[in-house]
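Following: one structure in structure tokens, then a few remarks.
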Amino acid sequence: MARGLLWSTIKKLLPYLWEYRIRVALALISLTVAKAAGVGVPLVLKNIVNRLDVHEPALIVPVALIAAYGALRFANALFGELRDLVFARVKQRAVRRAATAVFRHLHALPLGFHLDRQTGAVARDIERGSRGIALLLNILLFHIIPTIVEIALVAGILIAKFRLEFAIITFATLAAYAGFTLFVTEWRTVFRRSMNEMDSRANNHAVDSLLNYETVKFFANEDYESKRYDAHLAQWEDAAVRSQSSLALLNTGQSAIVALGIGGLMLLAARGVAEHRMNIGDLVLVNAFLIQLFMPLHFLGAVYREIKHSLADMERMFALLDVPSTITDAPGAPDLAVTHGGVRFEHVSFSYGGQALLDDVDFTVAPCSTTAVVGPSGSGKSTLVRLLARLYDPDAGTIRVDGQDIRAVTQKSLRRAMGVVPQDPVLFNDTLYANIAYGRPGANLEEVRAAADLAHLDGFIATLPQGYDTRVGERGLKLSGGEKQRVAIARTLLKEPRILLFDEATSALDAASERAVQEGLALLAHQRTTIVIAHRLATIQHADQILVMRAGRIVERGRHRELIARGGLYARLWALQQDTTEGPTGHPSPTLPGPSAADDGLLEALGQ
């Protein structure tokens, strides 16, 4: 066993046990009493046999011993159950706190980790690791130390009361058993790790395939997905069979060693009785002690195996806690104080995976104004939103909100001030009410209805049999793209943020729905700072400021008419989209709210 890994794991578990240290102490006391009673049982049994063998006419002494025998048996069982009862809360709380710590840490990790992770494998690692914690706590606190103490007591009694041969055979058997168990368990741990790896791969593929159910159906690839899943399970099957075969070998070898040891000791005891050096009670005592000795010895073998397996299971879960969080709050960071909602990017550059995404981006969004960001795909538009929400930190430059460096304030306060509607919103597998109320947990139904109405979603919900109690399915798959988008907009509006960030927020809506949503957003535009990432230029032609990006740089800025007049990239993109500026009804496409009350001179200066 990797001793360093074992002690490292124990050290990580100790903080989760400290809360219930009194319960741990009471459980250990109960266990000690139970083990003492268990060791006393064979000693009383020996005296009972010897008393009965004398054929005394009075039975008062044997009856008293029999009563003591029963009392010790009962005490052993009673304090054993009391131990489990006292420790149950400790074990389950430790599992709960450890799993919560991992879950919380996963949310604290940077976006890059979550882009690379395999959701199914991570979930399975947490599940197995939590189960391993419960098992390891039981083993370490209630079996390993007590069993070693019990073996020491029994072996000491055998040495003190009987000849040296008993001790030699006993310790030889113990050494052979322990050595064989350690050797074989180390060998078969490789199979267990392989089995876990194959299990995680199969589970991850299943989750990934089911999340992409529609894609599988559209491409008629059900058989292809089933074959891939079966291939992972075939690898798991081979590893599981090897693991089970090695377990059978281990159990057989252990049983053979124990049988030889007990046989040799019983032969010595029988010879002692025949030579009148031992009585029948001694023979019974030796037999009872041997059973009592080798039963925990059998358990120690199983314990060692389970510790190895538990450590292998917990290794992945605790490895998640070791993943560093690169986006952290500065020590003593204050909350963001939002007064007006102005946003400033000061010469910001950013790269990811060795690829430059933003290069010297510099612009200001005036409070309560609307700034649109347009440009070809891959130009860095969505990266601006992620940097402003501090999902990443820039390589160079500073981002400020109302003059405050966002790296100098707490992340929670920063994100509380923002409402983000992504291009492809993902909903929770819960009700429509819960998904909208997620924008402000604790919001009542009337507040949720108001937000849904503003997002022009209330009418759709009214047609559903279960209304706001309708479940949307995993990732919101029961809703259309436009319906999901409006749910995301509704929960953002319910949040009532000072800064609104829309990353192609209306891209999945038809013209009528988009116009309705834009009308709702217009009610808020003059009260909140709004940044819109847009593809359809007709929707942002009345923005206070338009930033045109290409290859991570701002190549043009200004208002719609100014940019058209310049004849640059924006004008070319506008010309390409002219055929789609009118919907099938002949009405112009919906647009963002018109210019705010922001100072025109300031915006003109920014356009230079």
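FYI, it's all coordinate maths here, none of it is from the lab. It should be emphasised that the depicted structure is a prediction, and the values quoted were computed from it without experimental measurement. Cβ sites come from the backbone with ideal geometry, for glycine too, and all protein chains shown count toward neighbours.
Taking the Cβ of Ile169 as the centre, find all other residues whose Cβ is under 13 Å away and add up their charges (Lys, Arg: +1; Asp, Glu: -1).
Taking every other residue near Ile169 into account, the sum is +1.
Tell me, how many Å apart are the Cα centres for segment 224-264 and for segment 306-361?
42 Å
For Cα pairs less than 8 Å apart in space and 6+ apart in sequence, what is the mean separation divided by the residue count of the chain, i.e. the relative contact order in percent?
The normalised contact order for the chain reaches 13 percent.
Could you state the principal axis extents of the C-alpha atoms in the chain, from the largest down, to the nearest angstrom?
120, 52, 46
With a/c under 1.5 counting as rounded, go ahead and sort segment 427-496 into rounded, prolate or oblate using the C-alpha gyration tensor (a ≥ b ≥ c being the square roots of the eigenvalues; past the cut-off, prolate if a/b is larger than b/c, else oblate).
Judged from the Cα gyration tensor, segment 427-496 comes out rounded (a/c under 1.5).
A 24 angstrom limit on the alpha carbon distance is what I want to check against. Which of Lys12/Lys412; Lys217/Lys484; Lys412/Lys495; Lys381/Lys484; Lys12/Lys308 exceed it?
Check vs 24 Å cut-off fails for Lys12/Lys412.
Could you list which residues have their amide H under 5 Å from that of Ala396, counting only those 5 or more apart in sequence or on another chain, with H placed in the peptide plane?
It is Ser349, by chain and number.
How far is helix 222-274 tilted off the main Cα axis of the chain, in degrees rounded to 10, range 0 to 90?
20 degrees
Around Asn203, with a cut-off of 12 angstrom between Cβ atoms, what is the net charge of the other residues, counting Lys and Arg +1 and Asp and Glu -1?
-2
Using alpha carbons only, how many degrees (0 to 90, rounded to 10) separate the axis of helix 3-17 from the longest principal axis of the chain?
Computed tilt is about 70 degrees.
Loop only by DSSP, 11 or fewer other Cβ within 10 Å of the Cβ. Give me the chymotrypsin sites (Phe, Trp or Tyr not before Pro) in segment 153-238 that pass, ordered by residue number.
Phe219
Can you give me the Cα centroid spacing of segment 427-473 and segment 59-123 in angstrom?
Result: 40 Å between the Cα centres.
Residues with amide H under 5 Å of Arg550's amide H, sequence separation 5 or more or different chain, H placed in the peptide plane at 1.01 Å from N; which?
HN-HN under 5 Å from Arg550: Val555.
Amide H of Val532: which non-local residues (sequence gap of 5 or more, or other chain) have their own amide H closer than 5 Å, using H built in the peptide plane?
Long-range HN contacts for Val532: Thr371, Ala372, Val373, Phe502.
With a cut-off of 8 Å between alpha carbons and a minimum separation of six or more residues, what is the relative contact order of segment 3-322 in percent?
The normalised contact order for segment 3-322 reaches 29 percent.
Just want to confirm a number: the relative contact order over segment 427-496, from Cα pairs under 8 angstrom separated by 6+ residues, in percent.
The value is 53 percent.
Please compute the Kirkwood hydrodynamic radius over segment 3-322, one decimal place, Å, based on all pairs of different Cα atoms.
That comes to 23.3 Å for segment 3-322.
Just tell me which lysines come within less than 27 Å, Cα to Cα, of Lys46; anything on the same chain fewer than 8 places away is out.
Qualifying lysines at Cα under 27 Å: Lys35, Lys161.
Quick one: angle between helix 60-108 and the longest Cα principal axis of the chain, in degrees between 0 and 90, rounded to 10, please.
Relative to the chain, helix 60-108 is tipped by roughly 20 degrees.
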